[in-house]
Amino acid sequence: MAFGRVASILNALDDLNRRWEGQPHDFVMQTSVKEKRKALNGFVYRWTTPNQWVGLLDGWRQLQEGVSVPERIARENSQDLRAGLIPILQDVYTGAAEHPGYLLPDPSGPGACKRLAMWLRWMVRKDEIDPGLWSEHLSPEGLWVPLDTHMFRIARRLRLTRRKTADGEAARRITNAFKKFSPQDPLRYDFAITRLGMGVDV
């Protein structure tokens, strides 16, 4: 849900938390698809739909069965986490009760997949900003830049890419440029540069 204004995101999260009665894990893992549809009926955040949310949560439930998600990503491709996600998310697209649509972008496509990149950054990096819940399983060297308009503008000014579109190839080139300075953790610069692009002091 990391898109839109912060106030809108927080309001939507409060709504979701009421719907699953403050128990997101139990809601995802223990309720049926029918119960999820009932609880999420009428929930709309921007252009997403209740059925897409059902698909996302049901897909995540299915991923918890068997090998853990970070272990599976590492087995698929620990050096390129975007590539490692492709077969895993394909299982979600084909196995979930509903297609999650915009909520779960396809890393095999040409887009930058900013929200996937940001989610993995939170899960893999461990510092004062990112909690790193999966840091024992995955290395930050396999991450890619969560490319938004702010990062893209700064990156072009720094000549980290000459791409005219903020797509997956631009994200790859910017990430590779950062790797020249920090091969083991190219996203250590992401937060500061993005904040500069937003005109916020860091």
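Checked against (1) more than 11 Å from the chain's Cα centre (by Cα); (2) farther than 15 Å from residue 176 by Cβ; (3) assigned to a helix (DSSP H, G or I), residue 155 passes all but condition (2). Taking residue 116, is it farther than 22 Å from residue 46 by Cβ, in contact (Cβ under 8 Å) with a residue 12 or more places away in the chain and not in a loop (DSSP other than H, G, I, E, B)? For residue 116, the condition - farther than 22 Å from residue 46 by Cβ, in contact (Cβ under 8 Å) with a residue 12 or more places away in the chain and not in a loop (DSSP other than H, G, I, E, B) - is not met.
Would you check if residue 119 is under 14 Å from the mean Cα position of the chain (by Cα) and surrounded by fewer than 18 Cβ atoms within 10 Å (Cβ to Cβ)? The answer is yes for residue 119. Evaluate the following for residue 154: is it in contact with a Gly (Cβ under 9 Å, 6 or more places away or on another chain), outside the structural domain of residue 85 (by TED's automatic domain parsing), of a type in the set (Val, Ile, Thr) and free of Cβ contacts under 8 Å to residues at least 60 places away in the same chain? For residue 154, the condition - in contact with a Gly (Cβ under 9 Å, 6 or more places away or on another chain), outside the structural domain of residue 85 (by TED's automatic domain parsing), of a type in the set (Val, Ile, Thr) and free of Cβ contacts under 8 Å to residues at least 60 places away in the same chain - is met.
Of the residues screened, residue 40 is not one that is of a type outside the set (S, T, N, Q), buried (at least 19 other Cβ atoms within 10 Å of the Cβ) and closer than 24 Å to residue 132 by Cβ.
One line per residue, one yes/no per condition, for (1) surrounded by 15 or more Cβ atoms within 10 Å (Cβ to Cβ); (2) of a type in the set (Asp, Glu); (3) at negative phi:
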{"residue": "86", "(1), (2), (3)": "yes, no, yes"}
{"residue": "90", "(1), (2), (3)": "no, no, yes"}
{"residue": "101", "(1), (2), (3)": "yes, no, no"}
{"residue": "114", "(1), (2), (3)": "yes, no, yes"}
{"residue": "126", "(1), (2), (3)": "yes, no, yes"}
{"residue": "137", "(1), (2), (3)": "yes, no, yes"}
{"residue": "177", "(1), (2), (3)": "yes, no, yes"}
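The values are calculated or read from the model by the stated rules, or taken from the named source; none is laboratory data. Everything numeric here is computed off the predicted structure, so don't read it as measured data. With ideal geometry, Cβ positions are generated from the backbone for all residues, glycine too; neighbour counts draw on all protein chains shown.
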